[in-house]
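Quick notes on the structure that follows.
The values are calculated or read from the model by the stated rules, or taken from the named source; none is laboratory data. Predicted model only: the values in this text are computed from it and were never measured. Cβ atoms come from the backbone with ideal geometry, glycine included; neighbour counts cover every protein chain shown. SASA here: full protein model, heavy atoms, side chains in, ligands and nucleic acids out. Shrake-Rupley method; radii C 1.70, N 1.55, O 1.52, S 1.80 Å.
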Amino acid sequence: MDLKVFQACGVHGTSVATALTAQNTLGVRRVHRLPPRFVAAQIDAVVGDLPPAAAKTGMLDRAQVVEVVAERVRRRRISNLVIDPVILAKDGTPLLDRRGIEALKRALLPQALVVTPNVPEAEFLSGVPIHDRDSLREAARVLNSLGVASVLIKGGHLEGAPVDTLFWQGEYVEFTGERLGSPGQAPVHGTGCMFSAALAARVAQGDPLPEACRIARDLVRGAISQALSLGRGARLAPPWLGENTDAHPHPG
């Protein structure tokens with residue numbers, strides 16, 4: 001999904017596998033863990049030849065992998081790091097355990113430009129129960145106090161029209177819009193991955209963080225509005241991801 005989004009945003013993407021999943025639209029069936037040393041070797045191979053203008057993390061699986069990624073980010077001086085804190089799959093399958101969450105907070109968040117949790121992930125990371133605008137803002141402040149430069153909390157899990165909130169340079173920037181889809185409709189697979197990948201792509205191209213967030217949000221909304229029901233579970237982003245949105249790169 002990340003590479004598909006990078007292409008839609010006009011950048012060349014590379015990837016490092018941290019774990020392999022056996023999954024379909026109904027959910028995750030099994031996770032195969034890759035050795036942390038192999039994860040480190042992949043990072044060295046990619047960054048040693050193609051230094052990234054920005055990077056993002058997704059599923060990191062466990063504390064040992066979080067630690068090795070954090071060490072390589074520091075050693076390789078990888079900047080403009082976007083952290084998508086993948087803790088649970090949409091079907092509820094745990095994708096990062098408690099030790100992994102603590103390692104993420106301690107070793108990786110302080111090196112990041114921005115972290116992009118949804119409401120449940122923000123609650124896991126901050127310890128703040130989120131039920132309204134004020135508590136969401138409190139959670140953003142707590143996450144910022146852990147050392148991450150900026151925090152973008154996606155508000156789709158709260159009641160009412162979804163409001164995504166960016167805490168950036170000591171100020172709050174809110175992105176509002178109507179809720180897409182109908183009650184009972186299957187969710188769209190990978191929307192969090194789409195958002196963080198588009199955000200990283202736009203940051204790599206020099207967009208200020210609020211503008212990068214707006215473009216990433218528009219891409220995800222376009223994917224949701226055009227999602228396809230191909231399996232028996234979650235809907236999927238269309239193969240023309242990025243068309244009919246303003247997520248394309250600016251001319252020149």
222 nm mean residue ellipticity, helices alone, for the chain (DSSP H n ≥ 4; -39,500 (n - 2.57); rounded to 500) | -11000 deg cm²/dmol
Could you tell me which of ALA112, GLY206, VAL66 has its Cα farthest along the dipole of the chain towards the positive end, charges placed at Cβ (Lys, Arg +1; Asp, Glu -1), taken about the Cα centre?
-> VAL66
Amide H to amide H, which residues 5 or more places from ASN118 or on other chains are under 5 Å from it, using H placed in the peptide plane?
-> LYS154
Would you pull out the residues with amide H under 5 Å of HIS189's amide H, same chain only if 5 or more places away, H placed 1.01 Å from N?
-> ARG235, LEU236, ALA237
Counting alpha carbon pairs within less than 8 Å and at least 6 residues apart, what relative contact order, in whole percent, applies to the chain?
-> 19 percent
Whole-angstrom gap from segment 1-73 to segment 197-226, using each part's C-alpha centre | 19 Å
Roughly how many Å is it from the Cα centre of segment 125-172 to that of segment 85-117, as a whole number?
-> 15 Å
Go through segment 205-244 and name the trypsin sites (Lys or Arg not before Pro) that are in a DSSP coil and have 10 or fewer other Cβ atoms within 10 Å of their Cβ.
-> ARG232
Charge dipole magnitude, Cβ of K and R +1, D and E -1 - segment 103-252, Cα centre, debye nearest 20 | 400 debye
When all protein chains stay in place, what accessible area (Å², nearest 10, 1.4 Å probe) is found for ASP207?
-> 20 Å²
Karplus (6.51, -1.76, 1.60) ³J(HN,Hα), θ = phi - 60°, over segment 97-106, in Hz, Gly and Pro reported as x = 7, 4, 5, x, 5, 5, 5, 4, 5, 7
GluC sites (Glu not before Pro) within segment 164-212: DSSP coil, no more than 10 neighbouring Cβ in 10 Å | GLU178
About its Cα centre, how strong a charge dipole does the chain have in debye, to the nearest 20, once Lys and Arg get +1 and Asp and Glu get -1 at the Cβ?
-> 780 debye
Where both partners of a DSSP beta bridge lie in the chain, what percent of those bridges are antiparallel, to the nearest 5?
-> 65 percent
Linear extension gain, ARG76 paired with ALA41, 0.36 nm per residue minus alpha-carbon span = 11.4 nm
Nearest 20 debye, what's the magnitude of the dipole of segment 1-53 about its Cα centre given +1 on Lys and Arg Cβ and -1 on Asp and Glu Cβ?
-> 340 debye
Looking at segment 26-134, which trypsin sites (Lys or Arg not before Pro) are in a loop (DSSP not H, G, I, E or B) and have at most 11 other Cβ atoms within 10 Å?
-> ARG77
